[in-house]
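Engineer: Sharing a structure, written as structure tokens. Questions coming.
The values are calculated or read from the model by the stated rules, or taken from the named source; none is laboratory data. Computed from a prediction, not measured in an experiment: that's the story for all the values here. Please note: Cβ atoms are built from the backbone with ideal geometry, for glycine as well, and neighbour counts cover all protein chains shown. Keep in mind that these areas ignore ligands, DNA and RNA; they rest on the heavy atoms of the full protein, side chains included. Shrake-Rupley method; radii C 1.70, N 1.55, O 1.52, S 1.80 Å.
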Amino acid sequence: MCIRDRVSTQSTGDSGRAMAQEAKAKGNAAFSAGNFEEAVKHYSDAIGHDASDHVFYSNRSACLSSLNRYDEALADANKCIELKPDFAKGYSRKGAALHGQNKLQEAHGAYEEGLKIDPENAALKKGMADVRAAGSADGTASILNMFMSAEGQAKLNSDPETAAYMKDPSFLQTLAMCKQQPQMINMLLQQDPRMMKCLSVLMGVNLQAAGQPGASAPAPAPAPKPKEPVKELTEEEKAEAAKLAEAKAVKDEGTAAYKAKDFAKAVELYNKAYEMYPKDISPLTNVAACLFEQDDFEGCLAQCHDAIAKGREQMSDFTLIAKAWVRIGNTYMRMAARAEGFANKEPHYKEAIEAYAKSLLEHYTVDAFDRQKKAKALLKKHHDAEYKDPEKALAAKERGNEFFKKQEFVDALRCYEEAIARDPSNHLYLSNLATCYIKMNQMGLAEETLDKCIKLCPTFPKAYLNKAHLLFVRKEFHKVQPLYELVMELPDVDEDSKKKAEEGLKRTQIAIQQAQYEAPDEERLRRAQQDPEIQLLLMDPQVQQAIKDFQENPKYAQQALKEPQMAAKLQKLMAAGVLRFQ
């Protein structure tokens with residue numbers, strides 16, 4: 001059901017607005033907790049009570065984008081802009097929704113419109129940068145496809161100059177690297193003339209002539225826009241500006257006292273400044289700063305919450321309310337730093353993270369984002385430090401072994417994961433986890449875990465043997481042989497592991513020979529062709545010539561097999577199932 005079906009008949013008056021704000025507060029709490037579906041429901045309820053508040057649509061748009069419901073997010077962003085065209089955040093919501101729809105040009109336009117209203121808005125700047133980066137990534141993928149397509153390969157092989165490149169092993173290796181790391185292609189186009197020449201051939205345009213004599217001159221710079229006439233203030237606006245200026249002067253006196261550590265005088269002046277101009281709640285948060293410096297953390301929190309409440313009443317600038325939430329987050333961070341033990345630190349870190357999230361919901365700033373990120377990192381750091389315990393890790397592993405013996409693999413897996421979390425330096429727990437994955441037929445996870453185990457302890461033979469067995473089952477024999485050979489070469493390897501490796505190597509060699517006389521395994525061939533190492537071998541001109549000779553001139557092919565390096569390459573292709581000798 002579309003979210004708009006939730007909007008009931010509009011409540012009116014103060015009671016309706018109060019109910020709307022209550023629903024919004026629930027939505028904000030759900031958003032901070034990452035419960036976006038729940039947040040959407042609360043924001044929809046808020047709109048049902050008061051459809052004239054643009055912030056409700058803005059917040060709901062953010063939630064919908066987080067849920068990848070970009071069509072609805074865009075509709076809400078447009079409604080937000082319709083209600084308040086000078087609300088910069090509305091354009092940020094619109095840009096995010098359009099970016100999600102992959103309408104990059106329109107998203108760029110939305111961010112540009114928002115920056116006209118608020119040129120220093122960090123969220124709009126970041127959104128525009130993300131759109132530009134996405135556009136660059138799409139362009140990189142397009143260029144790479146041109147190089148790798150059958151049509152592109154034919155063009156490159158038909159041009160005399162680029163055909164020579166396609167026979168150069170170093171250039172073919174460069175192309176293979178680009179396929180694995182597409183982001184490299186832009187750098188290589190600037191640094192390697194061969195790449196630019198290839199792109200010229202693929203596009204049918206002489207790109208290398210750019211900037212040379214005879215190239216078209218750059219377009220003239222656009223004429224500067226005429227300055228807009230200064231708007232004449234009304235008498236009421238002049239009086240308002242005068243009040244603000246007087247209050248600011250008093251606030252500045254308070255700031256001078258604050259810097260001189262005369263907090264009592266600073267508080268007095270800040271309160272006076274607020275009374276002179278209640279629409280500006282920054283003097284109230286400055287009072288909170290004074291309390292913070294005096295270690296009156298509870299008083300500081302109460303003062304910030306009071307500032308937020310008064311800011312809502314006065315419909316103050318959302319950036320001021322966002323700053324108050326940052327002050328709350330900073331206070332909880334200081335309380336966490338002063339607390340002893342993780343049990344006492346944890347609640348303060350969580351409160352800080354939530355306060356920063358509320359600040360970001362009001363107004364995105366890099367500072368608030370970085371502070372929240374730091375709070376999350378510290379919470380994780382202290383949690384991990386508290387959680388790590390080698391003795392408890394060993395106990396978890398023993399429980400896992402008991403479950404494993406009873407073939408209760410899901411419970412065993414949980415125990416092994418706990419052991420790893422409590423003692424990440426012990427490779428044996430990773431080995432046990434990988435074995436558990438194999439029993440559960442989760443071969444991809446098993447291989448990934450074995451790789452971690454090998455990285456942690458490169459001399460542990462069992463990890464290599466288990467990985468070799470796993471790859472043997474998948475018939476990736478070209479990867480199996482090196483693993484068994486590596487086990488036999490490990491220093492101080494035990495005799496049992498060495499014997500298993502020797503037997504495994506013989507078994508693999510027999511399997512490779514048998515596969516030569518069996519019907520081709522399409523799944524095995526598909527996996528091999530996706531292997532970067534096999535792709536690189538197939539792009540090697542000497543290998544291509546040898547394969548051609550096997551088909552057309554077996555005498556020359558036999559000579560190729562006498563060369564150790566070429567023989568090793570062909571044997572690897574045979575082990576992968578790509579090449580068949582019959």
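Engineer: Looking at this model, which pairs from K94/K310; K310/K358; K265/K358; K126/K380 are more than 21 angstrom apart at the alpha-carbon?
Structural biologist: K94/K310; K265/K358; K126/K380
Engineer: How are the Cα pair distances of segment 54-178 distributed, in percent, across 10 Å bins from 0?
Structural biologist: Pair shares across the bins are 14, 33, 17, 13, 15, 8, 1.
Engineer: If you don't mind, another one. If you line up the long axis of helix 70-83 against the longest principal axis of the chain, both from Cα atoms, how many degrees apart are they, to the nearest 10?
Structural biologist: Tilt of helix 70-83: around 20 degrees.
Engineer: Past the 27 Å Cα-Cα mark, which pairs from K500/K562; K243/K373; K259/K373; K179/K572; K26/K116?
Structural biologist: K500/K562; K243/K373; K259/K373; K26/K116
Engineer: Which aspartates and glutamates does K548 reach when only Cα atoms under 15 Å apart count, and residues fewer than 8 places away in its own chain are ignored?
Structural biologist: Candidates past the 8-residue exclusion: D540.
Engineer: How much length, in nm to one decimal, is gained on full extension between I117 and Q442, taken as 0.36 nm per residue of separation minus their Cα-Cα distance?
Structural biologist: Full extension from I117 to Q442 adds 111.7 nm.
Engineer: Please compute the per residue accessible area over the chain with all protein chains in place, 1.4 Å probe, rounded to a whole number of Å².
Structural biologist: Counting only protein heavy atoms, the per-residue value for the chain is 56 Å².
Engineer: Rounded to the nearest 0.05, what FRET efficiency is calculated for D494 and N401 with R0 set to 30 Å and r the Cβ-Cβ distance?
Structural biologist: Computed FRET efficiency for D494 and N401: 0.90.
Engineer: Find the relative contact order for the chain and round it to a whole percent, using C-alpha pairs within less than 8 Å whose residues are 6+ positions apart.
Structural biologist: 6 percent
Engineer: Give the carbon-plus-sulfur fraction of the accessible surface of segment 418-508 in %, rounded to a whole number; probe 1.4 Å, heavy atoms of protein chains only.
Structural biologist: Accessible surface attributable to carbon and sulfur in segment 418-508 totals 52 percent.
Engineer: Now, a different point. Rule-of-thumb check for the chain: C-alpha Rg over 2.2 N^0.38 Å?
Structural biologist: In units of the globular-protein estimate, the chain measures up at 1.35.
Engineer: Pulled fully out, how much extra length does the chain show between E533 and M315, if you take 0.36 nm times their separation in residues and subtract their Cα-Cα distance?
Structural biologist: 72.2 nm
Engineer: Follow-up question, since we're still on this one. State the Cα centre-to-centre distance between segment 418-442 and segment 284-344 in whole Å.
Structural biologist: Using only Cα atoms to place each centre, the spacing works out to 44 Å.
Engineer: Next question, about the same structure. Could you give the length gained on full extension between R17 and A519, defined as 0.36 nm per residue of separation minus the Cα-Cα distance, in nm?
Structural biologist: Here the segment from R17 to A519 would lengthen by 173.3 nm.
Engineer: What is the angle, in °, between the Cα long axis of helix 36-49 and the longest principal axis of the Cα atoms in the chain? Nearest 10 is fine, range 0 to 90.
Structural biologist: 30 degrees
Engineer: What does the convex hull of the Cα atoms come to per residue for segment 296-389, in Å³?
Structural biologist: Residue-normalised Cα hull volume stands at 76 Å³.
Engineer: With the dipole of the chain worked out from charges on the C-beta (+1 for Lys and Arg, -1 for Asp and Glu) around the Cα centre, which of L428, A468, Q542 lies farthest toward the positive end?
Structural biologist: About the Cα centre, the residue reaching furthest to the positive side is Q542.
Engineer: How much space per residue, in cubic angstrom, does the convex hull of the C-alpha atoms of segment 447-496 take up?
Structural biologist: So the per-residue hull volume is 68 Å³.
Engineer: Please get the size of the charge dipole for the chain, origin at its Cα centre, with Cβ charges of +1 on Lys and Arg and -1 on Asp and Glu, quoted in debye to the nearest 20.
Structural biologist: The dipole of the chain has a size of about 1080 debye.
Engineer: Could you work out how far helix 461-473 tilts from the main Cα principal axis of the chain, as a 0 to 90 degree angle to the nearest 10?
Structural biologist: Between the helix axis and the principal axis of the chain, the angle is about 80 degrees.
Engineer: Please report Rg (one decimal) and Dmax (integer) in Å for the Cα set of segment 349-479.
Structural biologist: 19.6, 57
Engineer: Right, here's the next one. Per residue of the chain, what 222 nm ellipticity follows from adding -39500 (n - 2.57) for every DSSP H run with n ≥ 4, rounded to the nearest 500?
Structural biologist: Counting only the DSSP helices, I get -25000 deg cm²/dmol.
Engineer: So if R0 is 25 Å, what FRET efficiency would D295 and D367 give, r being the distance between their Cβ atoms, rounded to the nearest 0.05?
Structural biologist: 0.60
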